[in-house]
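The values are calculated or read from the model by the stated rules, or taken from the named source; none is laboratory data. None of these values were measured; they are calculated from a predicted model. Here the Cβ positions follow ideal geometry from the backbone for every residue, glycine too, while neighbour counts run over all protein chains shown. Protein only, heavy atoms only, side chains kept; ligands, DNA and RNA dropped before computing areas. Shrake-Rupley method; radii C 1.70, N 1.55, O 1.52, S 1.80 Å.
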Amino acid sequence: DTGVSQNPRHKITKRGQNVTFRCDPISEHNRLYWYRQTLGQGPEFLTYFQNEAQLEKSRLLSDRFSAERPKGSFSTLEIQRTEQGDSAMYLCASSLTVAGANQPQHFGDGTRLSIL
Amino acid sequence: AQKVTQAQTEISVVEKEDVTLDCVYETRDTTYYLFWYKQPPSGELVFLIRRNSFDEQNEISGRYSWNFQKSTSSFNFTITASQVVDSAVYFCAITGANNLFFGTGTRLTVIP
């Protein structure tokens, strides 16, 4: 049984560059979530997908951020024109949601982004 | 909106001591779920427990136990006979419409 997989684990880039992260959820899970976690804080919700549909975006998700889940399996999160404030751990989670019941979300190891 | 408060930022205990991590939540929903997650130094959030708002029974799982009290909006977590491997940041969370709201976490250090 494989858990949620994220890559890369670490990404260091210069300010202004674009970055893309990938998340592979647990295979039978229909929901996929992206969170951002800064130092000393709990994860903050960014967006989620049910299958391939992006159903909710938080106000934290500026227009420089875009997420996709084209076939309802893996997802990518792209940040364009990165800024210092984007430095954080980006966490992906997945869950199996049936009839609206909130099953536990299972998290990946995260991608740590550092902006130079 | 949902809110979770974990007032204890850091706790240190000596191995084999018991320790309780506090969690107080706010919500206007009548139905909600509460969670505890563990985040070891490796960074992965590990699911520990989910509790439905209608189920106030306390739960015990090995050295872990949870005390849910709706009257005080609290969902506290106790580790009995702590071990060094319990050292981690522990997060309490509550469901929103389609996501989780997390507290700021409590860093537990168990000293050998």
With the calculation restricted to Cα positions, what are the radius of gyration and Dmax of region A:45-96 in angstrom? 11.4, 34
Answer with one residue from B:Ala81, B:Gln2, B:Ser61: the one whose Cα lies farthest towards the positive end of the charge dipole of the protein assembly as shown, charges on Cβ with Lys, Arg +1 and Asp, Glu -1. B:Gln2
To check my understanding: the extent here is largest minus smallest coordinate of the Cα atoms along each principal axis. What are those three numbers for region A:67-116, in Å, largest first? 44, 22, 16
Can you run the Rg to Rh ratio on chain B? Use alpha carbon positions and the Kirkwood inverse-distance Rh. 0.96
How long is the protein assembly as shown along each principal axis, judged by its Cα atoms, biggest number first, in Å? 48, 42, 35
Once neighbouring chains are kept in place and the probe is 1.4 Å, which whole percent of the accessible area of chain A is contributed by carbon and sulfur? 45 percent
Could you tell me which of A:Phe49, A:Val19, A:Gln6 has its Cα farthest along the dipole of region A:1-100 towards the positive end, charges placed at Cβ (Lys, Arg +1; Asp, Glu -1), taken about the Cα centre? A:Val19
With every protein chain kept in place and a 1.4 Å probe, the protein assembly as shown has an accessible area per residue in Å² of 49 Å²
Convex hull of Cα atoms in region B:21-75, direction-averaged projection (nm²): 4.4 nm²
Exposure of A:Glu28 as accessible area (Å², to 10), given a probe of 1.4 Å and all protein chains: 110 Å²
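Using the Cα centre as the reference, give the magnitude of the dipole from point charges on the C-beta atoms of chain A (Lys, Arg: +1; Asp, Glu: -1; all else neutral), rounded to the nearest 20 debye.
Values: 14 positive and 12 negative charges, 84 e Å.
Dipole magnitude for chain A comes out near 400 debye.
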Could you tell me the extents of chain A's C-alpha atoms along the three principal axes, largest first, rounded to whole Å? 43, 27, 27
Report the net charge of residues surrounding B:Leu108, where surrounding means a beta-carbon distance below 15 angstrom and charges are Lys +1, Arg +1, Asp -1, Glu -1. -2
Could you compute the net charge surrounding B:Ala81? Neighbours are other residues with a C-beta less than 14 Å from the C-beta of B:Ala81; K and R count +1, D and E count -1. -2
I need the P(r) histogram for region A:1-41: all alpha carbon pairs, bin width 10 Å from 0 out to the longest distance, whole percents. 20, 45, 29, 6
